[in-house]
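Trainee: The structure follows.
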Amino acid sequence: MNLLNQPTISNNGIVRPTYAEIDLRRLTANYRAIQQHVAPANVLAVLKANAYGHGLVEVAHHLARLGVPYLGVAVLEEGILLRECGITTPILVMGGILGNQIPLFLQHDLTITASSVEKLTQIDATAAEMGKLARVHLKIDTGMERIGVHYYSAESLLETAVNATHCHIEGIYSHFANSDAADLSYSQLQLGRFQQVLAFYEKRGLPAPPLRHIANSGAILQLPESHLDMVRAGILLYGVYPSPEAARTVPVQPALSWKSRVVYFKVIQPGHPVSYGSTWQSDHMVRAVTVPVGYGDGYFRAMSGKAQVIIRGKRYPVVGRICMDQVVVNIEWDSAYNGDEVILLGEAENGVAIRCEELAAWAGTIPYEILTNINTRISRVYIT
Ligand SMILES: *Cc1c(COP(=O)(O)O)cnc(C)c1O
């Protein structure tokens, strides 16, 4: 019924040999490392897009058990799914309110992002009608130009909030555009604008401002003065750094590995091209294996001619075009057998590793898209 809750593909309990393995112990360690780094600020764990591919519901349950004080999702459906699965931790829906969704937010006790005076007025009126107190975070645009009221005209939103008697204005936040860059001048500018907006509370002689938050992974690492009351940890929580240039001030380790198995072994004669388009052939006899993963699982076709995998602790190239469901790996004259483990992303016992950043470089994208692109055909297996 729910796009976010599709069952994984399995057949009488026999699961396809291609799966993602999520090490919940690493998730715990990453969370604790971030928490320690930002203390006394709190950590909101960002779980949008199926928890960056790690599995929304399982990750939420795990973090709830750890006592994470706040969860964040992008869209209403993600929040409702978590409530239906019994998650009682506060959940901030960071995207906008679409159409007439406000009653659903209130029914499921989801924290609403108010990004304009009109929306806030609508939230207040709906809460009054339903006899509820809406939990609200105000969204200030300090330089992302996505959603939120502009910092230079935020005062009307803050005034409206003071008078919204059916809203609990619990937080106020903004979002950085470049906090993972080496040059932090634009982030400094954004932080300054945010602080200017927050000065409203003191100017008006109001009690302390609500929960202030602006830091994403880049700012958690690089901009300690932006940690304020809470930080919103996304990719860093999953053990991946947001960009190559971001300072690695918090030690984290990737929680997700992507694995498969050898399902076919053959010898390829010289001059016999491999896969669609016949783009690759060897000038000498090679051994090759077929692995059941492809772009239909989220293994980007754009990585054709560049991707490598690990078999028996050694890296080998994927040759020819990546198909929808299968790839061919050239193992030259080494040995491999049907059933051997193939690591697409992750590390072998001898320390040889393929990182998210490498897949991103091969595909011409960023690690975020590698993780969120691993789709529902891949079952998630959890290590505790
Ligand atoms: C996705 C998102 C985050 C987390 O970003 P990371 O770079 O993954 O840490 C934080 N805040 C908002 C509003 C987001 O949309």
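Trainee: Show me the GluC sites (Glu not before Pro) within the range 275-384 that DSSP assigns to loop and that have at most 15 other Cβ atoms within 10 Å of their Cβ.
Mentor: Taking the range 275-384 and a limit of 15 other Cβ atoms within 10 Å, the loop GluC sites (Glu not before Pro) found are 349.
Trainee: Please give every one of the lysines within straight-line cross-link reach of residue 259, meaning a C-alpha to C-alpha distance under 16 Å, and leave out same-chain neighbours fewer than 8 residues apart.
Mentor: Qualifying lysines at Cα under 16 Å: 314.
Trainee: Can you work out the accessible area per residue across the chain, with the rest of the protein chains kept in place, probe 1.4 Å, in square angstrom? If you can, show how the numbers build up before the last one.
Mentor: Numbers: 16660 Å² over 384 residues.
It amounts to 43 Å² per residue over the chain.
Trainee: Of all the C-alpha pairs in the chain, what % are more than 26 Å from each other?
Mentor: In whole percent, the long-distance tail amounts to 57.
Trainee: If you don't mind, there's one more thing I want to ask. Quick one: if you stick a label point 7 Å off each Cα along the C-beta vector at residue 206 and residue 118, how many nm between them?
Mentor: If labels sit at residue 206 and residue 118, their model points lie 2.2 nm apart.
Trainee: Can you give me the relative contact order of the range 40-238 as a percent, contacts being Cα pairs under 8 Å and 6 or more apart?
Mentor: Relative contact order of the range 40-238: 19 percent.
Trainee: Okay, next question. If you roll a 1.4 angstrom probe over the protein chains with everything in place, what fraction of the accessible area of the range 256-383 belongs to carbon and sulfur, to the nearest %?
Mentor: Numbers: 2920 of 5790 Å².
Carbon and sulfur: 50 percent of the exposed surface of the range 256-383.
Trainee: Can you tell me the relative contact order of the range 133-241? Whole percent, Cα pairs under 8 Å, sequence separation 6 or more.
Mentor: In percent, rounded to a whole number, it is 24.
Trainee: Just want to confirm a number: the relative contact order over the chain, from Cα pairs under 8 angstrom separated by 6+ residues, in percent.
Mentor: On the way: 826 pairs, mean separation 69.8, N = 384.
Reported as a whole number, the value is 18 percent.
Trainee: Here is a further query. Once the Cα atoms of the range 168-280 are picked out, what are the Rg and Dmax in Å?
Mentor: In Å, with Rg to one decimal and Dmax whole: 23.3, 81.
Trainee: Assuming a viscosity of 1.306 mPa s and a temperature of 10 °C, what translational diffusion coefficient in µm² per second does Stokes-Einstein assign to the range 256-383, Rh being the Kirkwood radius over Cα pairs?
Mentor: Approximately 108 µm²/s, per Stokes-Einstein.
Trainee: Now, a different point. Which lysines have a Cα lying under 18 Å from the Cα of residue 139, excluding residues fewer than 8 positions away in the same chain?
Mentor: Those lysines meeting the cut-off are 48, 119.
Trainee: Further, regarding this structure: Taking DSSP loops as anything outside H, G, I, E and B, show the longest stretch in the chain free of trypsin sites (Lys or Arg not before Pro) there with at most 14 other beta carbons within 10 Å.
Mentor: No qualifying site falls inside 1-145, the longest such stretch.
Trainee: Could you list the chymotrypsin sites (Phe, Trp or Tyr not before Pro) in the range 291-384 that lie in coil according to DSSP, counting only those with at most 15 other Cβ atoms within 10 Å of their Cβ?
Mentor: Here the sparse-neighbourhood loop sites are 333, 337.
Trainee: Enter the Cα centre distance for the pair the range 53-83 and the range 256-313, rounded to the nearest angstrom.
Mentor: Using only Cα atoms to place each centre, the spacing works out to 36 Å.
The values are calculated or read from the model by the stated rules, or taken from the named source; none is laboratory data. From a predicted model like this one, the values you see are computed outputs, not experimental measurements. Ideal geometry is used to build each Cβ from the backbone, glycine not excepted, and the neighbour counts take in all protein chains shown. Ligands, DNA and RNA are excluded from the accessible area calculation, which covers all protein heavy atoms including side chains. Shrake-Rupley method; radii C 1.70, N 1.55, O 1.52, S 1.80 Å.
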